[in-house]
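Below you'll find the structure, written out as structure tokens, and then a few comments.
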Amino acid sequence: QTAQPSQYRQVWKPLRDCLVEMDLFQAMYHDQHVSDLHDYWHVMADVYDLVTEYKTALEAFSTQSSAKGTNDRVVPLAHIAHLRTRLSHFFRDSSRLAEAHDMLVAAVAEWKLCPGKQGRAASASLEKGELLLEWGKLVDAEQALKEAIGEVEIASGAGSVEYGRALFLAAEAMRRSKKESEAVAYCARAFQVLDDALEPDVKQSSPLYARCSYTLGVLQELLGKPWEAETCYARSAAVFGRALGLHNPEHCQSQESLAAVHRSQGELTKAAACYQLILPIKEEMSTLGGTLGDVTTAQGNLAALFVQLSDLKAAEVMYRKTVRLREQQFGHTHPTLARSLEMLANLQAEQGALAEAATLLQRALN
């Protein structure tokens, strides 16, 4: 860790040569060796060049080992597939998604040729689909994930957590492609599988379970089923809070979605309670680098709810906070500030403070 970049290659070259020349049947048979190399890559400053060298060395070794004939020095294909899978993780961590995808495609093909490795092949296929989803290639992701569902079912069974995860990721790909009707069937099935497969204590702290519940809520809401969406949002908010903490963005998002559903159904007190729960969290997050815009949106929504609940004084306090924060964040001429000034002016006019209302409206016009 104290070496200079010029010294890294002095260490790396022997490791690279070791990869190509050493008796892998003896040494690389142990997963720890691969893990040590993987950890080493992560402390390198010049990672991109090193990974390129490693990739080249891997291809060279694969060719050399296949030419040695059948003896105890031939590396099982499973090790090459394992290395490709590990390398795909490093590419993905480095945001080199095209290279990660190419490495996973090769790994999947090799895993499928390895006897008794159906589970590894299925996992790599699922990783490939998830990568395509992350990459934004929704059509390819949907196709890859549907194929992975079948492979995971064969390898792990239709009641496994991995099978539920595959169904959920496919549903997410369809949702992003605006295929809500098809997506909801996959997501509902995924949720049922996870609900049955996970132990109660694991279920209540599983981010995967929470995300599946949240996505199911989004789909139910889009399909005009707010009651079902409310149940899903409430469940996801509770699990996100336990699994990731109250300050996690996914927890706040679930609470905001729950508030919106409450509001659409006229349950204004419940909606206000949701915003009152997350607003202090958002305010604290803004001081740690979050956006004030996110805070002021929540403030504005809560103020509007207070108006509907006829709590005009509470609404006034919230609108004034929104105006002050937006003025600090965006300056005196931003349209969002004008909107907040207009809302505060309307409230003041309703309370009879006409002079201040006129001043506020003039500021908004300016």
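The values are calculated or read from the model by the stated rules, or taken from the named source; none is laboratory data. Source: prediction; values computed, not measured. Note that each Cβ is placed from the backbone with ideal geometry, even for glycine, and that neighbours are counted across all protein chains shown. These area figures cover heavy atoms from the full protein model, side chains too; ligands, DNA and RNA do not enter into them. Shrake-Rupley method; radii C 1.70, N 1.55, O 1.52, S 1.80 Å.
Charged neighbours of GLY119, selected by a Cβ distance under 11 Å, balance to 0 (K, R count +1; D, E count -1).
How large is the accessible surface per residue of segment 302-366, computed with a 1.4 Å probe and reported in Å² as a whole number? Show your work: numbers first, answer last.
Details: 3630 Å² over 65 residues.
About 56 Å² of surface per residue is accessible.
Over all directions, the projected convex hull of the C-alpha atoms in segment 234-366 averages 8.1 nm² in area. What is the sum of charges, Lys and Arg at +1 and Asp and Glu at -1, for the other residues whose Cβ falls under 14 Å from the Cβ of LEU223? Result for the local shell: -1. For segment 255-366, with all protein chains in place and a probe radius of 1.4 Å, 56% of the accessible heavy-atom surface sits on carbon or sulfur. For TYR233, the shell of other residues with beta-carbons less than 13 Å away shows a net charge of -1, using +1 for Lys and Arg and -1 for Asp and Glu. One equal scatterer on each Cα of segment 170-299, no solvent, Debye formula: the resulting log10 I(q)/I(0) at q = 0.16 Å⁻¹ is -0.82.
Distance distribution note for segment 228-308: the fraction of Cα pairs above 22 angstrom is 21%.
What the phi angles of segment 324-335 give under the Karplus curve with 6.51, -1.76 and 1.60, with θ = phi - 60°, is a coupling list of 4, 5, 5, 5, 5, 7, 10, x, 7, 10, 7, x Hz, glycine and proline written as x.
Hey, any idea what % of segment 85-192's accessible area is carbon plus sulfur with a 1.4 Å probe?
Details: 2310 of 4630 Å².
Looking at segment 85-192 in its full context, I get 50 percent from C and S.
Normalise the Debye intensity by I(0) for segment 188-261, one equal point scatterer per Cα, no solvent, then take log10 at q = 0.20, 0.21, 0.27 Å⁻¹ and round to two decimals. Each listed q corresponds, in turn, to -0.75, -0.82, -1.20. Let me cross-check ASP311: its accessible surface, 1.4 Å probe, with only protein heavy atoms counted, in Å² to the nearest 10? Accessible area, nearest 10 Å²: 70 Å². Rounded to two decimals, the Cα-based Rg/Rh of segment 303-366, with Kirkwood Rh, is 0.96.
Counting only protein chains, not ligands or nucleic acids, how are LYS137, LYS128 ordered by accessible area (probe 1.4 Å), most first?
Details: LYS137 80, LYS128 40 Å².
Solvent-accessible surface, decreasing: LYS137, LYS128.
Computed from the Kirkwood radius of its Cα pairs, the Stokes-Einstein diffusion coefficient for segment 78-150 at 10 °C and 1.306 mPa s stands at 134 µm²/s. Measuring between their Cα centroids, segment 292-315 and segment 347-361 lie 17 Å from each other. Size descriptor for segment 154-196, Kirkwood hydrodynamic radius: 10.1 Å (Cα pairs only, one decimal).
Per-residue Karplus couplings for segment 268-282, computed as 6.51 cos²θ - 1.76 cosθ + 1.60 with θ equal to phi - 60°, are listed in order as 5, 5, 5, 5, 4, 4, 4, 5, 5, 5, 8, 4, x, 5, 5 Hz, Gly and Pro entered as x.
Counting only the Cα atoms, segment 77-217 fills a convex hull of 106 Å³ per residue.
Radius of gyration (Cα atoms) of segment 149-239, expressed as a multiple of 2.2 N^0.38 Å: 1.02.
Scattering from segment 115-172 was approximated by placing one identical point on each alpha carbon and applying the Debye formula without solvent; log10 I(q)/I(0) at 0.25, 0.29 1/Å stands at -0.89, -1.12.
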